[in-house]
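Trainee: Quick one: structure below, then a few questions.
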Amino acid sequence: MRIALVHPKFGSFGGAERYAMSLAQGLCGCGHDVHLFGRKFKNVSNKIPFHRVPTLKLGRGVKTWSFARISSLLVNQHDFDIIQGFGKTLGQNVHRTGGGVHRAYLERLGKSKISLYDRIVIRIEDTLFSLPSLKAIICPSQWVVEELQQFYPKVSEKLHLIPNGVDTKIFHTENREFDRKKIVNQLGIPVSYKIFLFVASNFYLKGLDIALEVLAQMPQTALIVAGGDESRPYQSRAGELGVADRLFFVGQQEKTAPFYRAADVFFHPTRYDPFANVCLEALSCGTPILTTERNGVADLIENRIGGRVVPVSADRAVMVQALQDLCDQGDAQRMAARKIALQHDRSVHVSNVIALYQHVLG
């Protein structure tokens, strides 16, 4: 098949960008002719054609709207069997709603004022989900399915639940002790400490403030934070809580797998996450996760095996106990985490997406 993937960014920027790039590589590996349409890319293989989409740089909202319109015009100048869009795009016959419904996102955050950017995103979603040319919508988790059914009931028959996949060869369990020793030495973390890892590009949305409050109740533990967001407010908060010496910011990392393997638990107390790829990556590295019910990855955690799921409003003591339990169960939880990831290997995910493409093409 000739396939176009449309997303503003491709590469190693964040979860959505890495997912789009991983899907492109998987489709190419199955022999399909894949083209990328975006405005920015990083570490994209020369074997995958990249079509740069110009945008109007007049603020976030205008840039988003212009990308949706211009990318739609450009991609439809070619003869593709499948055009798959991600996020805030138009013109596709297959769409992946990786970020959930924007109206639901605003409601969950309790935003009383809607910005120009918010109104533009809502307009794009309203337009997209009313187009007869849109044949299928990929949802990474059950609650994304439920959000779309609630806000756009007319698309119910187009919804397909396909959880994300992970490259279990890149995110593997080997060299755990080596990675842990190296990172502990680099950061100066006492060897006896339990290590929790937090990875995100939006610290507030993914609950770093919550993680700090929990850290304050767990002596002889350390929290490593990887990501590109502003750290100063959280460093200040850590000082107030008396945990500044146990908090380690390492910035955005090209290779996160060693950090996953170095951690005892991956801590992701998110306020809103349709499907956190970082959680699946951690599971693939054999690291159990603690996350909230507002994370689509919660679908994968059953009977407290491979991790724990708590309400985002849970008392901090509940989270403390869950983290302690996961640490105490050690090898059993690590084996269970890896087993979950193997069931969602990228090859399985890509096969499911290809099957959907074939269904769309009849």
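Trainee: So is G228 under 16 Å from R18 (Cβ atoms) and either more than 23 Å from the chain's Cα centre (by Cα) or surrounded by fewer than 23 Cβ atoms within 10 Å (Cβ to Cβ) (or both) or not?
Mentor: Considered against the rule, which asks whether it is under 16 Å from R18 (Cβ atoms) and either more than 23 Å from the chain's Cα centre (by Cα) or surrounded by fewer than 23 Cβ atoms within 10 Å (Cβ to Cβ) (or both), G228 comes out as yes.
Trainee: Restricting the range 194-204 to residues that are surrounded by fewer than 22 Cβ atoms within 10 Å (Cβ to Cβ), in contact with a helix residue (DSSP H, G or I) (Cβ under 8 Å, 6 or more places away or on another chain) and more than 14 Å from D264 (Cα to Cα), which is modelled with the highest pLDDT?
Mentor: If we take residues in the range 194-204 being surrounded by fewer than 22 Cβ atoms within 10 Å (Cβ to Cβ), in contact with a helix residue (DSSP H, G or I) (Cβ under 8 Å, 6 or more places away or on another chain) and more than 14 Å from D264 (Cα to Cα), then F203 is modelled with the highest pLDDT.
Trainee: State all residues of the range 250-293 that are modelled with pLDDT under 95, buried (at least 22 other Cβ atoms within 10 Å of the Cβ) and among the charged types (D, E, K, R); if no residue qualifies, say none.
Mentor: Passing the criteria: only D273.
Trainee: Among the residues of the range 128-140, are any in the same structural domain as R108 (by TED's automatic domain parsing), farther than 29 Å from A355 by Cα, of a type in the set (V, I, T) and in contact with a helix residue (DSSP H, G or I) (Cβ under 8 Å, 6 or more places away or on another chain)?
Mentor: Checking the range 128-140: not a single residue is in the same structural domain as R108 (by TED's automatic domain parsing), farther than 29 Å from A355 by Cα, of a type in the set (V, I, T) and in contact with a helix residue (DSSP H, G or I) (Cβ under 8 Å, 6 or more places away or on another chain).
Trainee: Here are the criteria: (1) modelled with pLDDT under 95; (2) in contact with a helix residue (DSSP H, G or I) (Cβ under 7 Å, 6 or more places away or on another chain); (3) farther than 23 Å from R294 by Cα. Tell me which single one I124 does not satisfy.
Mentor: (1)
Trainee: Tell me, which helices (runs of 4 or more DSSP H) wholly within the range 132-231 include 2 or more residues that are farther than 25 Å from R246 by Cβ and either among the aliphatic types (A, V, I, L, M) or free of Cβ contacts under 8 Å to residues at least 40 places away in the same chain (or both)?
Mentor: Ranges flagged: 142-151.
Trainee: Now for a separate question. Restricting attention to the range 338-359, which residues are in contact with a strand residue (DSSP E or B) (Cβ under 7 Å, 6 or more places away or on another chain) and of a type in the set (G, A, S)?
Mentor: Answer for the range 338-359, where residues must be in contact with a strand residue (DSSP E or B) (Cβ under 7 Å, 6 or more places away or on another chain) and of a type in the set (G, A, S): just A341.
Trainee: Take the range 107-131 and flag every residue that is among the aliphatic types (A, V, I, L, M) and assigned to a loop (DSSP other than H, G, I, E, B).
Mentor: I114, L131
Trainee: Without any contact (Cβ under 8 Å) to a residue 40 or more places away in the chain, in contact with a Lys or Arg (Cβ under 9 Å, 6 or more places away or on another chain) and β-branched (V, I, T): is that true of I289 in this structure?
Mentor: no
Trainee: Given the criterion closer than 28 Å to Q25 by Cβ and touching an Asp or Glu at 6+ places or on another chain (Cβ under 9 Å), identify the matching residue among K88, K111.
Mentor: K88
Trainee: For A24, work out the one condition from (1) crowded, with 17+ Cβ neighbours inside 10 Å; (2) at positive phi it doesn't fulfil.
Mentor: Exception for A24: condition (2).
Conditions (1) of a type in the set (K, R); (2) more than 18 Å from L290 (Cβ to Cβ), marked per residue:
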| site | (1), (2) |
| --- | --- |
| A314 | no, no |
| V318 | no, no |
| Q333 | no, no |
| R338 | yes, no |
| V353 | no, yes |
| Q358 | no, yes |
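Here is a yes/no grid of residues against (1) polar (S, T, N, Q); (2) more than 21 Å from L148 (Cα to Cα):
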| site | (1), (2) |
| --- | --- |
| T55 | yes, yes |
| S66 | yes, yes |
| S71 | yes, yes |
| N76 | yes, yes |
| I82 | no, yes |
| K88 | no, no |
| G98 | no, no |
| R103 | no, no |
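This table checks each residue for (1) surrounded by 14 or more Cβ atoms within 10 Å (Cβ to Cβ); (2) of a type in the set (A, V, I, L, M).
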position	(1), (2)
E302	no, no
G306	yes, no
V309	yes, yes
A317	no, yes
C327	yes, no
D331	no, no
I340	yes, yes
V348	yes, yes
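Trainee: If you don't mind, another one. Which of the following residues is touching a Leu at 6+ places or on another chain (Cβ under 9 Å) and within 30 Å of R2 (Cβ to Cβ): I354, I289?
Mentor: Going through I354, I289 in turn, just one is touching a Leu at 6+ places or on another chain (Cβ under 9 Å) and within 30 Å of R2 (Cβ to Cβ): I354.
Trainee: In the range 231-262, what count of residues is obtained for those that are in contact with a Cys (Cβ under 8 Å, 6 or more places away or on another chain) and among the charged types (D, E, K, R)?
Mentor: So the count comes out to 1.
The values are calculated or read from the model by the stated rules, or taken from the named source; none is laboratory data. If you're wondering where the values come from, they're calculated on a predicted model, not measured in any experiment. Neighbour counts run over all protein chains shown; Cβ positions are idealised from the backbone, glycine included.
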